[in-house]
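These notes concern the structure reproduced below.
Since every read-out is calculated from the coordinates, none of them should be taken as a lab result. Given the structure is predicted, the values throughout are model-derived calculations rather than measurements. Note: ideal-geometry Cβ built from the backbone for every residue, glycine included; neighbour counts use all protein chains shown.
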Amino acid sequence: MNTSGGVLAREIDPGPWIRWAREHPSTLILAAGAMLRVLLYASNREPWMDEGSLLGNIVGKGVLDFSERLSSEQLAPVGFLIVERAISQVLGGHLLALRLLPLACGLASLPLFRSLATRWLSPRAALLAMMLFAFSSDLVYYSSELKPYMGDVAVGLAALVTASACLERPRRPGALARFAAIAAASPWFSFPSVFVVAAGGAVLLADAARRRDARDIGRLAAIAVSWGIGVLGTRAYAQVMLGTTNGMYVFWNFAFPPLLPLNRPEFGKLTGIVLEVLVNPLDLVAPGLPAAFVALPVVLLVLGSVSLARRERWGFALLALPVVFSYLAAALRIYPFHGRLILGLTPGLYLVIAEGVAAIGRRLGRHAAWVVAAALLVFPVYSSILQATGNDPRDFNAHGDLHRNRFMD
């Protein structure tokens, strides 16, 4: 029987696929990012130390049982614990089931980030930002860790996207209501999202004041009240859960910078904390390269900040203020400024870095921008693939970071 014309003998024409990829590059990038996250989730790796500690506060606990402190000096948002406990009761206490929530947050963050990037950046800069976000090894890893860190990213992105929609003219119907809903719910699902929501509210209030829109000012005041109640409620909850112990503050003491450095040691600590952000959680400095290579993302952050502030002042304020508020909270010893605890700041930082590459392209030409973008992406792409395929086992270090520290002890 002649099978030469069968299905298996037919040549595959890659043309339609190539055309589709050229026409939908952002979808291709997000699909690659989703695949990395799902691949690591499906590997069902062994639980990390913090996961094991938090597991005991979920499995076998009543969904709404907050009558006693969490064990092992753990602390997690009320909403996160409620959802995880409900999953445990419905699907069982298996890690794959309990990691579904972080995975869902990681996958939902991808289209949310695309929406934010295309709103504030040029098309090419937005694609670069999406690649940084999709191939971030930290974002890949924490999308399958039983901790609330990816919830911080998703909730923060939802706040930024809805706040950005409120700045559009004409404003879409229901835009402010969506921001209000996110603001009211955010403290119960993510502690550090308060910095992002505060930034969004401040920008929207400044815009309303500039337009002398009394109605919007009144609405934003009402949103602030509902959000403030949530913030105070979650702070009271955190104090009750931590009790009189100061173990968590002792552990994170290294991540509280001085408000204003007054001497050389304080300035050194401040510099180390700030530069370490480019390693944990941004993962932009390859471990095998000299520390001086941190200069590339630093320069891009500066160029991107100047460029975006000139071109889109409200957009820059939305992305920069969460960093400012987070730093001030750390300087006041309210919330640490380091690694996984500020994972929610990564979207804004990636956007500003991508804007910096675009600024180089406008000054030095497209080829220069391509070279810088390639230099920026090589290590994150390599690192995230290693992470997703299980070939990059997590290193144990004093601060519990995903990567070894480069700029601090």
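Results, tabulated for the structure shown:
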| item | result |
| --- | --- |
| Low-density loop positions, trypsin sites (Lys or Arg not before Pro), the stretch 184-247 - DSSP coil, at most 13 other Cβ in 10 Å | ARG212 |
| Which of ASP401, ASP213, ASP409 has the fewest Cβ neighbours within 10 Å, and the rest in rising order | ASP409, ASP213, ASP401 |
| Fewest-first sequence of VAL298, VAL83 by Cβ atoms within 10 Å of each Cβ | VAL298, VAL83 |
| Around LEU402: net Lys/Arg minus Asp/Glu count, Cβ-Cβ under 10 Å | -3 |
| Two-site label geometry, THR389 and ALA222: point separation in nm, points 7 Å out along Cα→Cβ | 5.5 |
| Förster radius 56 Å - calculated FRET efficiency between ARG310 and VAL63 (Cβ-Cβ, nearest 0.05) | 0.65 |
| For LYS147, net neighbour charge (Lys/Arg +1, Asp/Glu -1) across residues whose Cβ lies under 11 Å away | -3 |
| Expected-Rg normalisation [2.2 N^0.38 Å, Cα atoms] applied to the stretch 105-219 | 1.12 |
| Segment LEU28-LEU91, length gained on full extension (0.36 nm per residue, minus Cα span) | 19.5 nm |
| Shape call, the stretch 23-388: gyration tensor on alpha carbons, a/c limit 1.5 | rounded |
| Mean Cβ count within 10 Å, highest first, over the residues of peptides 45-56, 277-288, 142-153 | 142-153, 277-288, 45-56 |
